[in-house]
Ligand code: HEC
């Protein structure tokens, strides 16, 4: 039999499609009902659901693992996913579903997850999940995540159960890029007219000018949106209202100031619902660049 006859391949494909069971990943895919444990989880709204049957089957999904006490990278990852959700617009909850599963299910009750979702401005269509520790551990393992939770990587798993394909990528990428990838991911029916694509390049932000601005976009902008509070406060005027040394210390390591009982740090933490800003891990020169960028923004605003 000629192995690569296109006609045969097509006939084979038609057969395979005809033979598909009603719903679920196609038989050729290793990533279906046989792979994912159908464990019972509880949503942040208190609903009981099955991981595969209710959340994944026949859907296009984005799965991430988080925990509400995380003070490191998952805050940035979750804030970025919130921007991805806004980019995807109305599709979320309809043909794209976002899930964030707690890595600390004993601690993360549905109430805690609800508060966390609210702090990150999560909208409907994005479900936060908790469950029994051993079930969540099994789920994590199936996603290849074996690291201690403090070290778990900021990734998202993009899955399309109709085609049975999954892809892992960084949760920290540019949100517009991630939204485009998620919307089109391996979807033969994608007509390129989704909201994301339709906005085109004209809506894309200008390329970051300086180093400080580029760093700010990458490491800070997910939580600090100009013109209003988001996860973190609006930073307009911050270089005028704060002592420069305090500002540098805060940005380098907010936790050090909070742990040391700095009154301003504690007040900020309190005002923002206990969501701690993660340490920035910026080098000295990167920190200078970010501070210079913030000062230039404040200067420009003062001149206007
Ligand atoms: C995961 C979200 C997040 C990220 C990422 C983040 N921040 Fe924050 N930031 C916050 C929150 C929340 C607060 C309020 C204090 C708190 O709750 O820790 C804050 C507070 C601040 C403040 C104090 C504002 C004031 O009024 O004094 C500054 C300055 C600041 N952030 C700068 C930065 C810079 C610069 C970066 C990037 C290097 C950054 N932040 C990254 C969430 C974030």
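Taken together, the values in this text are just the output of simple stated rules run on the coordinates, not laboratory data. Remember, it's a predicted structure, so these values are computed and weren't measured experimentally. Neighbour counts are summed over all protein chains in view; Cβ atoms, including those assigned to glycine, are modelled from backbone coordinates with ideal geometry.
Between residue 259 and residue 292, residue separation times 0.36 nm minus the direct Cα-Cα distance comes to 9.2 nm.
From the C-alpha coordinates alone, can you work out the Kirkwood hydrodynamic radius of segment 211-303, in Å?
Values: mean 1/r = 0.0739 Å⁻¹.
So the Kirkwood estimate lands at 13.5 Å.
Extending 7 Å from Cα along the Cβ direction at residue 133 and again at residue 169 yields two label points whose distance is 3.5 nm.
Suppose we look only past 27 Å in the calculated P(r) of segment 21-201. What percent of the Cα-Cα pairs does that tail hold? Percentage above 27 Å: 21.
Here the average projected area of the convex hull drawn through the C-alpha atoms of segment 235-288 stands at 3.9 nm². Distance from the Cα centroid of segment 118-182 to that of segment 259-301 is 27 Å (rounded to whole angstrom). With both residues required to sit in segment 21-201, DSSP beta bridges show an antiparallel share near 60%.
Under the 0.36 nm per residue contour assumption, what length would be gained going from the current alpha-carbon distance of residue 86 and residue 300 to full extension? All intermediate terms of the calculation are to be shown ahead of the outcome.
On the way: separation 214, 0.36 × 214 = 77.04 nm, distance 2.83 nm.
Here the segment from residue 86 to residue 300 would lengthen by 74.2 nm.
In terms of the mean number of neighbouring beta-carbon atoms within 10 Å, the peptides 246-257, 57-68 order highest first as 57-68, 246-257.
For segment 97-144, take N as its residue count and report Rg(C-alpha) divided by 2.2 N^0.38 Å.
Values: Rg = 11.0 Å, N = 48, 2.2 N^0.38 = 9.6 Å.
Compactness ratio reported: 1.15.
Net length available on complete extension from residue 241 to residue 281 is 12.0 nm, with 0.36 nm assigned per residue and the Cα-Cα distance removed.
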